[in-house]
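In what follows, a structure is listed as structure tokens, so that the remarks can point back to it.
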Amino acid sequence: MVYLTRRERFNAAHKLWVKAWSKKKNKAVFGKCANKNWHGHNYELFVTVKGTPDPLTGFVMDAKELSTIIKREISSHLDHRNLNLDVKFIPKDIQPTTENLVILIWKQLAPHIKNCKLHSIRLHETENIYAEYFGE
Ligand code: NI
């Protein structure tokens, strides 16, 4: 089994906030992500697929095609958007955390990966924090 990873980048704004909590508690739990008028992240998305290299092309999957699918299904919907308000596949009643985003991105992307399998979605929110999802 060979694992192939494609990276795509996007920039987006969000706000993490629990309405039932005080301003003080929201700031304490979510820090900068609780900023009143949103704040942004330069996200890095790593999509890994797995399979056996094709005998003719040597590809598990055409990385250009994978890029096209990620851009069409994911980054074009997220890039320069407000993740709380603008994105159809992000429910309005969940926190747009990196942890929730990897699950939603998996669900959005998985049906479009043909002839090999989606292995993981890894999303970097900062250079020190990322979340990873393997479909369960
Ligand atoms: Ni944030």
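Details
- When residues of segment 19-48 are limited to those that are crowded, with 17+ Cβ neighbours inside 10 Å and aliphatic (A, V, I, L, M), the one nearest to His112 (Cα to Cα): Val47
- Failed condition for Gly51, given (1) within 16 Å of the ligand (Cβ to nearest atom); (2) open to solvent by less than 30 Å² (accessible area, probe 1.4 Å): (1)
- Subset of segment 48-100 (residues that are of a type in the set (Gly, Ala, Ser) and closer than 20 Å to Tyr3 by Cβ): Gly51, Gly58, Ala63, Ser67
- If you check Ala131, Ala110 for being among the small types (Gly, Ala, Ser), under 25 Å from Ala34 (Cβ atoms) and either touching a helix residue (DSSP H, G or I) at 6+ places or on another chain (Cβ under 9 Å) or part of a helix (DSSP H, G or I) (or both), only one passes: Ala131.
- Flag if Leu16 is open to solvent by less than 30 Å² (accessible area, probe 1.4 Å) and not in a helix (DSSP H, G or I): yes
- Subset of segment 19-53 (residues that are assigned to a strand (DSSP E or B) and under 22 Å from Ile129 (Cβ atoms)): His39, Gly40, His41, Asn42, Tyr43, Glu44, Leu45, Phe46, Val47, Thr48
The values are calculated or read from the model by the stated rules, or taken from the named source; none is laboratory data. Just so we're clear, the structure is a prediction, and the values are computed from it rather than from any experiment. A quick note on method: Cβ atoms are made from the backbone with ideal geometry, for glycine too, and the neighbour counts reach across all protein chains shown. Surface accessibility is based on the protein's heavy atoms, side chains included, excluding ligands, DNA and RNA. Shrake-Rupley method; radii C 1.70, N 1.55, O 1.52, S 1.80 Å.
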